[in-house]
Amino acid sequence: MRGNSKKRLLANLVTAVFTLCFFWSCTVTAFAETQISTVKITASKNNWEQTSNPEVKAVGNGYKVEPSSIKFSSNICDCNPGEDIEVTVKIITEQGYVFKDTFKKNNFKVTNGKYKSHSYEDGNIILKFIYTVRGKAETPDSVYWDGTTARWDKVSDKVNYTLKICKGNRSKVVAENISSTRYDMKKYLILEDYYDEYEVYFKVKAVPKKAYENYIKESDYIESDYFSDWDDIYDEYIDFDGCIPDWPYNPGYNDGWKFANGVWYYYENGKIYNDGFKAINGKMHYFFNNGAMATGWQKLSGKWYMFDHNGYMLSNTWCLDNGVWYYLQGNGVMKTGWFEDKGKTYYLNSSGAMLESWHKLDGNWYYFYPGNGAMAREAYIPSADRTFVYHMKTDGKLETGWVYQNGWRYVEPNAGVLLKGWQTIDGMQYYFCENGILTN
């Protein structure tokens, strides 16, 4: 009997020591390391000559970029100015630091770049971001006269053009920042300064659109040959009094589209249409009070609409603009709030932007898949450290409170995160190990 008592005593002592060591290990691990909750990365701007890829560095304490991990989806010298490339870097922690396992998009700050996605690898972070290449715009090509119209080849969707009419060493800007690759010069050719001269030409250069001003430098000018069709313009465009007509000019017998000063107009019965929305050949357009056709984003009567480069109003479709998805409804109005499309649920914030990843809405946490923005339903989303999966219920809401997953754990409802360490829940003290499992 005494022998059995000694064995039981020894077994109990071993168990107590093991439990104490386990508890001490969890406690030391939980409190010895400093958690990193924000990662800041800076990418240097490449030179305008596009000869070198940018440097990528970490800005902050406790972590750094592993130089050998930096990868570019394309070499900058092979890219066009304003082109987006994907950059992948591995961010590693220094001794005594650990990344918080609930990182979201807003935990990353990328200078000269735009966050795309992140994942975890052995406690470190693999970050992907978008970098826009800087460079000088290509000079327009195939510059020539088409009757009285100046024409040239398109450089890219990221630039507009500045056009000059020239005689000898004198020049005059006739159009700035126009998107078209043609421009009728007849109203300048009939002016006294240029008419009946044999050394009149034009020159054009590419200039960056506003969205790309930080990434693209304007090109050099390129010159055309001399204009030669003088006999074909004088009688047609000067009235009986020898006066130059108002511009945009339309004699009334040729209704339809007219392009002038970088803007499209539409004529009906010899007059410019300037009365708002108008369907033309089955496509809806909008015309301002001065008759100019609308393109791009427009706020009309307090609502946002999107018109493409042809002036077509977008409707019943998704629109990708500067890396963000928007949805234009059947009436053309930009959608906001909850939205169902083809059996999937989305949320578009007050600016119309489609949400991705984790977001708290109306007091509940939801997860929207990165890339397509669809809300997760009856799905399991891994935690950043891959030790736990968050459960999204049928209605898309995060399951919070006590959950059993290889042991009892607690997902805090307000922050939507797995609790660790000492915690007070409903007035009771609990201790959760570093993987979130409740200890006895």
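Read-outs: derived from the displayed coordinates by stated rules, not from any lab. Source: prediction; values computed, not measured. Every residue, glycine among them, receives a Cβ derived from its backbone with ideal geometry; neighbour counts consider all protein chains shown.
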Discussion item. Assuming 0.36 nm per residue, please report the length gained on full extension of the stretch ALA279 to ASN47 beyond their Cα-Cα distance.
Written reply: 78.9 nm
Worksheet item: How much of the calculated P(r) for segment 317-361 lies past 11 Å, in percent of all Cα pairs?
Response: 66 percent
Worksheet item: So how compact is the chain: Cα radius of gyration and Dmax in angstrom?
Response: 32.5, 132
Practice prompt. For LYS57, go through the lysines and keep the ones whose alpha-carbon is under 16 Å away, minus same-chain ones fewer than eight residues off.
Written response: LYS40, LYS45, LYS71, LYS90, LYS109, LYS114, LYS128
Practice prompt. Round to a whole angstrom and tell me the spacing of the C-alpha centers of segment 301-331 and segment 34-89.
Written response: 32 Å
Worksheet entry | Gain upon complete extension [MET428, LYS303; 0.36 nm per residue less C-alpha separation] | 39.9 nm
Worksheet entry | Cα centroid of segment 374-436 to Cα centroid of segment 165-185, whole Å | 64 Å
Worksheet item: Cα-based count: Lys pairs in segment 318-440 below 15 Å, eight or more positions apart or different chains?
Response: 4
Practice prompt. Identify, among SER156, GLY135, VAL98, the residue whose Cα sits farthest towards the positive end of the charge dipole of segment 74-156, taking +1 on the Cβ of Lys and Arg and -1 on the Cβ of Asp and Glu, with the dipole about the Cα centre.
Written response: VAL98
Worksheet, complete the sentence: Taking a crude spin-label model, label points 7 Å out from Cα along the C-beta direction, the TYR120 to LYS104 distance in nm is 1.7 nm
Item to complete: Mind counting lysine pairs for me in segment 257-330? Cα separation below 24 Å, and the two need to be 8 or more apart along the chain or on different chains.
Response: 8
Worksheet entry | Computed magnitude of the charge dipole of the chain (debye, nearest 20; Cβ of K, R +1, Cβ of D, E -1) | 3460 debye
Item to complete: Run down the lysines and flag those whose C-alpha is under 16 Å from the C-alpha of LYS164, throwing out any fewer than 8 positions away in its chain.
Response: LYS172, LYS186, LYS187, LYS203, LYS205
Response to the item:
In Å, the Kirkwood estimate of hydrodynamic radius for segment 280-421 over Cα pairs equals 17.5 Å
Worksheet item: Percent antiparallel among DSSP beta bridges with both residues in the chain, to the nearest 5?
Response: 90 percent
Practice prompt. Within 10 Å, count the other beta carbons around each residue, average over each peptide in 370-381, 149-160, and list them highest first.
Written response: 149-160, 370-381
